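Trainee: Let me begin by handing over the structure; questions about it come next.
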Ligand SMILES: [Zn+2]
């Protein structure tokens with residue numbers, strides 16, 4: 001292209017705080033900063049957080065207007081100044097922490113995902129629901145050619161689940177685990193708990209039937225609403241671990257009912273509502289309550305290995321693939337729980 005020609009591509013843009021302030025716009029190809037690469041996006045997953053921003057039910061700050069999308073896989077289209085060890089054409093997935101403070105004490109110990117100044121793709125900086133996205137080279141991970149882009153773009157939610165269940169929880173073979181919420185993260189947490197050797201139940205609402213049936217194909221028990229009986233079944237004490245992956249605060253109350261004394265609750269689902277119940281059972285039962293947020297480099301490498309080897313099989317979670325102009329249908333299917341994961345092709 002010559003210097004005066006501006007290449008534009010279609011992008012799913014969230015342009016304001018009002019509900020449904022999302023539309024397809026033509027955006028310019030981003031220019032690269034030092035140590036960035038331009039990624040040509042091949043597949044991008046719709047995250048619950050994209051749907052929340054669309055409906056304006058999110059609880060985090062957004063830099064409007066912003067291109068949505070942080071779950072993506074693609075190939076390197078061009079290299080910015082200073083980029084080493086990468087070449088045009090490499091197949092990659094990208095972490096989500098687009099901006100971090102490299103001098104933050106959290107970054108220095110490798111937990112840059114917990115750096116308070118962290119800004120991610122799709123809310124802090126332009127994301128991947130478009131043809132080209134600028135990515136800092138430190139975010140990149142190589143993927144094998146045998147891994148399809150549709151599967152690879154699910155690396156990110158798998159990393160959320162791995163961090164919650166493998167890093168932040170202590171789950172051992174023979175443990176009994178209840179996952180609350182059969183969204184993408186909930187089902188992936190259930191699969192991870194199975195990989196850890198646990199017996200797993202996934203709890204949802206009547207309207208979650210479709211997604212619960214998918215959880216069953218992974219050997220999980222599907223439960224509508226009340227898991228108390230399952231929790232108490234073996235020795236009357238409750239489940240060893242509850243993973244709360246629902247997007248509501250009230251489920252923590254259920255988790256406290258179902259967890260065994262000295263057990264643990266890992267909370268990975270967000271909920272802006274304040275609690276209106278006592279946390280005394282947490283004290284009385286001597287329960288550990290653990291938050292889990294995002295992921296870091298090692299988690300990405302582990303998940304890529306699991307996806308590449310087939311140990312982690314997420315193909316049946318993909319409920320459909322949509323062209324970028326049909327983004328709204330992809331979002332609605334996720335919102336209505338009709339599919340576990342929608343994928344968009346830019
Ligand atoms: Zn996500």
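The values are calculated or read from the model by the stated rules, or taken from the named source; none is laboratory data. Everything numeric in this text was worked out from a predicted model, so none of it was measured. Cβ coordinates were reconstructed from backbone atoms using ideal geometry, including for glycine residues, and neighbour counts include every protein chain displayed.
Trainee: I need a count of the residues in the stretch 125-168 that are in a loop (DSSP other than H, G, I, E, B) and within 26 Å of residue 88 (Cα to Cα).
Mentor: Qualifying residue count for the region: 13.
Trainee: If I filter the stretch 213-225 for residues that are surrounded by fewer than 16 Cβ atoms within 10 Å (Cβ to Cβ), in a helix (DSSP H, G or I) and in contact with a helix residue (DSSP H, G or I) (Cβ under 9 Å, 6 or more places away or on another chain), do I get at least one hit?
Mentor: Scanning the stretch 213-225, I find no residue that is surrounded by fewer than 16 Cβ atoms within 10 Å (Cβ to Cβ), in a helix (DSSP H, G or I) and in contact with a helix residue (DSSP H, G or I) (Cβ under 9 Å, 6 or more places away or on another chain), so the answer is no.
Trainee: Report yes if some residue within the stretch 58-68 is at pLDDT 95 or above and within 12 Å of the ligand (Cβ to nearest atom); otherwise report no.
Mentor: The answer is yes, given that some residue of the stretch 58-68 is at pLDDT 95 or above and within 12 Å of the ligand (Cβ to nearest atom).
Trainee: Further question: Take the residues in the stretch 39-55 that are more than 30 Å from residue 86 (Cα to Cα) and modelled with pLDDT of 95 or more; name whichever of them is farthest from the ligand (Cβ to nearest atom).
Mentor: Among residues in the stretch 39-55 that are more than 30 Å from residue 86 (Cα to Cα) and modelled with pLDDT of 95 or more, the one farthest from the ligand (Cβ to nearest atom) is 55.
Trainee: Do we have residue 208 as outside any loop (DSSP other than H, G, I, E, B) and either away from the ligand (no atom under 16 Å from the Cβ) or at pLDDT below 95 (or both) here?
Mentor: yes
Trainee: Right, here's the next one. Answer with yes or no whether residue 177 is assigned to a strand (DSSP E or B), more than 20 Å from residue 215 (Cα to Cα) and either within 16 Å of the ligand (Cβ to nearest atom) or over 19 Å from the mean Cα position of the chain (by Cα) (or both).
Mentor: Considered against the rule, which asks whether it is assigned to a strand (DSSP E or B), more than 20 Å from residue 215 (Cα to Cα) and either within 16 Å of the ligand (Cβ to nearest atom) or over 19 Å from the mean Cα position of the chain (by Cα) (or both), residue 177 comes out as no.
Let's see how each residue does on (1) over 20 Å from residue 9 (Cβ atoms); (2) part of a strand (DSSP E or B):
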{"residue": "81", "(1), (2)": "yes, no"}
{"residue": "84", "(1), (2)": "yes, no"}
{"residue": "89", "(1), (2)": "no, no"}
{"residue": "92", "(1), (2)": "no, yes"}
{"residue": "103", "(1), (2)": "yes, no"}
{"residue": "107", "(1), (2)": "yes, no"}
{"residue": "117", "(1), (2)": "yes, no"}
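Trainee: Here is a further query. Just to verify a result, which residue in the stretch 180-191, among those that are more than 11 Å from the ligand (Cβ to nearest atom) and in a helix (DSSP H, G or I), is surrounded by the most Cβ atoms within 10 Å (Cβ to Cβ)?
Mentor: Applying the filter and picking the extreme gives 189.
Trainee: Are any residues in the stretch 87-110 under 27 Å from residue 46 (Cβ atoms) and touching a helix residue (DSSP H, G or I) at 6+ places or on another chain (Cβ under 9 Å), and if so, which ones?
Mentor: The answer is 91, 92, 93, 94, 95, 96, 97, 98, 100.
Trainee: I need every pair where a residue in the stretch 157-173 that is within 17 Å of residue 315 (Cα to Cα) has its Cβ under 7 Å from the Cβ of a residue that is away from the ligand (no atom under 16 Å from the Cβ) and part of a loop (DSSP other than H, G, I, E, B), sequence separation at least 6 or different chains.
Mentor: 158/312
Trainee: Do we have residue 19 as away from the ligand (no atom under 16 Å from the Cβ), more than 28 Å from residue 161 (Cα to Cα) and touching a helix residue (DSSP H, G or I) at 6+ places or on another chain (Cβ under 8 Å) here?
Mentor: Considered against the rule, which asks whether it is away from the ligand (no atom under 16 Å from the Cβ), more than 28 Å from residue 161 (Cα to Cα) and touching a helix residue (DSSP H, G or I) at 6+ places or on another chain (Cβ under 8 Å), residue 19 comes out as yes.
Trainee: Take the residues in the stretch 285-300 that are within 24 Å of residue 120 (Cα to Cα) and in contact with a strand residue (DSSP E or B) (Cβ under 7 Å, 6 or more places away or on another chain); name whichever of them is surrounded by the fewest Cβ atoms within 10 Å (Cβ to Cβ).
Mentor: 291
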